[in-house]
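In what follows, a single structure is set out as structure tokens and then discussed.
The values are calculated or read from the model by the stated rules, or taken from the named source; none is laboratory data. What you see is a predicted model, and the numbers here were worked out from it, not measured in a lab. Glycine gets a Cβ as well: all are built from the backbone with ideal geometry, and neighbour counts include every protein chain shown. Side chains included, ligands, DNA and RNA excluded: accessible areas come from the protein's heavy atoms. Shrake-Rupley method; radii C 1.70, N 1.55, O 1.52, S 1.80 Å.
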Amino acid sequence: MLQIDKEYAAALFELAAEENKTEEYLKELRGIKEIISENPEYLEFLGSPALALSERLDAIDSAFSSQVSEYTLSFLKLLCENGRIRVLESCIDEFAKLCMFVSNTAEATVFSAVELSSQQRERVVAKLEKVIGKSIKPTYIIDESLIGGLKVEVEGKTFDGSIKHRLLEVKEGIV
């Protein structure tokens, strides 16, 4: 199943790259993913063989034609026509991975107990870029349970320098 996701994502990515619109397509796809995650029944509706294909394609048109480019809309319809609409979210994830790979960029989630100043954010990004060797697109989340310090998730790795983590390490050492 995952190979199918990659193939569809790669095909759309090639088209987007030819038009030099990978970021535009990614933004549209992320918007679609957000809508679907808020309305999971919509994806079930689009994948239902009990409904005529024309009804499902009309639903895609009415929901997205004014919000996305022609090719993104065609991509959604193609997935629906081929009975693959249920893998849409993983196709979007694969498309995002391709964008990140080509641009030598990584997304990082930075958790902190308090709001970081712009100077602190810049230092965190600079340090991550040095460690990872890629440009970083950070997302900042406040997690008061960390007590202090930072926890960073990037490319499947977790760097946990939070006080909460250190206290757990101390606790495990004592027990």
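Quick notes on this one:
- Residue that is nearest to L73 (Cα to Cα) [pool: residues in the stretch 92-108 that are outside any helix (DSSP H, G or I) and either open to solvent by less than 10 Å² (accessible area, probe 1.4 Å) or among the aromatic types (F, W, Y) (or both)]: A106
- Of all residues making up the stretch 75-88, the number that are open to solvent by 60 Å² or more (accessible area, probe 1.4 Å) and either in contact (Cβ under 8 Å) with a residue 40 or more places away in the chain or not in a loop (DSSP other than H, G, I, E, B) (or both): 4
- Pairs linking a residue in the stretch 149-175 that is at pLDDT 90 or above to a residue that is exposed (fewer than 12 other Cβ atoms within 10 Å of the Cβ) and of a type outside the set (V, I, T), with Cβ atoms under 8 Å and 6 or more positions apart or on different chains, are K164/S145.
- The stretch 39-58: number of residues that are over 13 Å from E81 (Cβ atoms) and loosely packed, with under 11 Cβ neighbours inside 10 Å: 3
- Test for E28: is it open to solvent by less than 50 Å² (accessible area, probe 1.4 Å), more than 30 Å from K164 (Cα to Cα) and under 21 Å from the mean Cα position of the chain (by Cα): yes
- When the residues of the stretch 109-168 are filtered to those that are among the basic types (K, R) and farther than 24 Å from A96 by Cβ, the one that is surrounded by the most Cβ atoms within 10 Å (Cβ to Cβ) is K164.
- Lone qualifier among D93, D143, D160 - being under 30 Å from A50 (Cβ atoms) and charged (D, E, K, R): D93
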